[in-house]
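In what follows, a single structure is set out as structure tokens and then discussed.
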């Protein structure tokens, strides 16, 4: 019976998050438009300056838009995943979290199902951004798209779990957003999404290689374009390890959650 309860709770939470996302049209529109604005005003603007062959060497042999596209996709996925933790605070605010905690089902299943659902909606956003950016890029490996989507989902689940782990220890949305505002931008800019990570100052290199998003961005860029700054196998191992650890940690913390 416990196995049935676990499965039902898991599927119920996945279904709930997907339905919530499908009905939030403004959220869907905003989550897609923001990365596209970055791509147009940041990417195309800088690409017009980085036309010479010397700049191609800096960007691992790619033109800037092709280099940037995987980073924009991963930025969209990361932002949607990490901010997914706020849904737990909304559930706490409106009483749904209490129903989860007192329900005769596994708390871990509810948390993991919620994380899987949010990660899936973040992946959908990333796929939409990828479809928009592909026509602007050159020499993208179309056979690498499916593996890149799989890796993107693993990254999405990891950062969703991280957001959930933080949210499970907090009682206010203001506190969560404060942490998000402090943490998100360094993670994005130190991931190699916008510029190569090679040749940077030593102190920055330490932060870059300690940033889990770095491995996701570099691995997706490798799958789509064939270039990389970190060994792809190391990136894959790091990404899977990060997601596994924080999925387990978020489930453990949620087991200890109280109203």
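The values are calculated or read from the model by the stated rules, or taken from the named source; none is laboratory data. Just so you know, these numbers come straight off a predicted model, no measurement behind them. So basically every Cβ, Gly included, is an ideal-geometry build from the backbone, and we count neighbours across all protein chains shown.
Hey, residue 140 hits all of (1) in contact (Cβ under 8 Å) with a residue 40 or more places away in the chain; (2) under 17 Å from the mean Cα position of the chain (by Cα) but one; which does it fall short on?
Unmet condition: (2).
Let's see how each residue does on (1) assigned to a helix (DSSP H, G or I); (2) modelled with pLDDT under 90; (3) crowded, with 18+ Cβ neighbours inside 10 Å; (4) in contact with a strand residue (DSSP E or B) (Cβ under 9 Å, 6 or more places away or on another chain):
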| site | (1), (2), (3), (4) |
| --- | --- |
| 110 | yes, yes, yes, no |
| 122 | yes, no, yes, no |
| 132 | yes, yes, no, no |
| 135 | yes, yes, no, no |
| 139 | no, yes, no, no |
| 145 | yes, no, no, no |
| 154 | yes, no, yes, no |
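Looking at 187, 208, which one is surrounded by 15 or more Cβ atoms within 10 Å (Cβ to Cβ), without any contact (Cβ under 8 Å) to a residue 24 or more places away in the chain and over 14 Å from residue 73 (Cα atoms)? Show your work before the answer.
Working: 187 fails: without any contact (Cβ under 8 Å) to a residue 24 or more places away in the chain.
Being surrounded by 15 or more Cβ atoms within 10 Å (Cβ to Cβ), without any contact (Cβ under 8 Å) to a residue 24 or more places away in the chain and over 14 Å from residue 73 (Cα atoms) holds for just one of 187, 208, which is 208.
Just to be sure, is residue 192 surrounded by 14 or more Cβ atoms within 10 Å (Cβ to Cβ) and either assigned to a helix (DSSP H, G or I) or touching a strand residue (DSSP E or B) at 6+ places or on another chain (Cβ under 6 Å) (or both)?
Details: surrounded by 14 or more Cβ atoms within 10 Å (Cβ to Cβ): yes; either assigned to a helix (DSSP H, G or I) or touching a strand residue (DSSP E or B) at 6+ places or on another chain (Cβ under 6 Å) (or both): no.
No, not satisfied.
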